[in-house]
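**Student:** Here it is, the structure, as structure tokens.
The values are calculated or read from the model by the stated rules, or taken from the named source; none is laboratory data. Here the structure is a predicted model, which means the values were calculated and not measured. Neighbour counts run over all protein chains shown; Cβ positions are idealised from the backbone, glycine included. Only protein heavy atoms, including side chains, enter the accessible area calculation; ligands, DNA and RNA are left aside. Shrake-Rupley method; radii C 1.70, N 1.55, O 1.52, S 1.80 Å.
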Amino acid sequence: MTPKLLCVDAVPTYTEIGLKDVPVIFGRSLEADVRFDDTWTSRFHCRIDNIEGRLIVRDLGSSNGTLVNGDRVEESEIGHGDRVTIGISTFELSAPAIASLQQNEAAVPV
């Protein structure tokens, strides 16, 4: 199943955003892959990449920051159930395949 961001706001900006074709750049600019029309979002706010099967969110120097589970981050790995806030919009990552991979890695003894 393709990872996606599901909006958890009462009035959603987007109901869901598919992450099949990454990298994905979020921002107010017409050149952003996913465009937000709110003043809390920078022109180029953040980017999500897939690095070796892991989803990584990177803030692109936004004024109001990118939050993962309520914490401001410059860069962070995100997994199933994590919440990402971009501007005034908050999304929950739905990525069951990533959750399964993370559980398997946790079960491997070191």
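**Student:** What is the residue count in segment 16-52 for residues that are more than 15 Å from ILE88 (Cα to Cα), over 13 Å from the mean Cα position of the chain (by Cα) and outside any loop (DSSP other than H, G, I, E, B)?
**Tutor:** Residues flagged as more than 15 Å from ILE88 (Cα to Cα), over 13 Å from the mean Cα position of the chain (by Cα) and outside any loop (DSSP other than H, G, I, E, B) within segment 16-52 amount to 1.
**Student:** Restricting the first residue to segment 5-27 and requiring it to be within 17 Å of ILE56 (Cα to Cα), which pairs with a second residue that is among the basic types (Lys, Arg) and open to solvent by less than 60 Å² (accessible area, probe 1.4 Å) meet a Cβ separation below 8 Å and a spacing of at least six or different chains?
**Tutor:** Going by the 8 Å Cβ cut-off, the qualifying pairs are ILE17/LYS4; GLY18/LYS4; LEU19/LYS4.
**Student:** Just checking, how many residues over segment 67-89 are within 16 Å of LEU6 (Cα to Cα), modelled with pLDDT of 95 or more and either of a type in the set (Val, Ile, Thr) or part of a helix (DSSP H, G or I) (or both)?
**Tutor:** The number of residues fulfilling the criteria is 5.
**Student:** For segment 31-61, what are the residues that are open to solvent by less than 10 Å² (accessible area, probe 1.4 Å) and in contact with a Cys (Cβ under 9 Å, 6 or more places away or on another chain)?
**Tutor:** Matches in segment 31-61: VAL57 only.
**Student:** On the given criteria, is THR13 among the β-branched types (Val, Ile, Thr), in a loop (DSSP other than H, G, I, E, B) and more than 20 Å from GLU92 (Cβ to Cβ)?
**Tutor:** Here the answer is no, as THR13 does not meet what is asked.
**Student:** Is it fair to say LEU55 is part of a strand (DSSP E or B), in contact with a His (Cβ under 7 Å, 6 or more places away or on another chain) and modelled with pLDDT of 95 or more?
**Tutor:** no
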